[in-house]
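Heads up: the structure comes next, in structure tokens.
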Amino acid sequence: MNILRPLSPHLPIYKPQLTSTFPISHRISGAFLATIVLVFYLLCLKMGLICFTYENFYQFRFYSSKLILIFVEITALALSYHLYNGVRHLINSKI
């Protein structure tokens with residue numbers, strides 16, 4: 001008798017555990033923070049001090065101030081999560 005069974009019966013009923021989501025979110029927040037640092041560093045190298053002499057720079061900064069605040073809040077949230085998750089990992093790891 002040939003019964004049609006799925007190849008992996010455990011995948012449709014898989015429920016993600018909290019311990020498996022912490023490392024994934026830790027890596028995502030670390031990659032986000034590394035990207036932010038790299039982009040900011042490259043932007044500072046590209047702009048230098050000459051951008052502060054242009055009026056358009058100040059207009060752009062004034063009109064995008066709300067967007068910058070939201071971006072800083074998201075970065076601070078990712079930084080605090082990454083820091084606290086790393087400390088939790090150090091405390092819980094067996095030395």
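The values are calculated or read from the model by the stated rules, or taken from the named source; none is laboratory data. These numbers were taken from a predicted model, which means no experiment stands behind them. Ligands, DNA and RNA are excluded from the accessible area calculation, which covers all protein heavy atoms including side chains. Shrake-Rupley method; radii C 1.70, N 1.55, O 1.52, S 1.80 Å.
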Item to complete: Mind listing whichever residues of segment 67-86 are more than 11 Å from the chain's Cα centre (by Cα), over 14 Å from residue 37 (Cα atoms) and open to solvent by 60 Å² or more (accessible area, probe 1.4 Å)?
Response: 67, 68, 69, 70, 73, 83, 84
Response to the item:
The number of residues in segment 39-66 that are open to solvent by less than 100 Å² (accessible area, probe 1.4 Å) and either closer than 24 Å to residue 21 by Cα or within 23 Å of the chain's Cα centre (by Cα) (or both) is 6
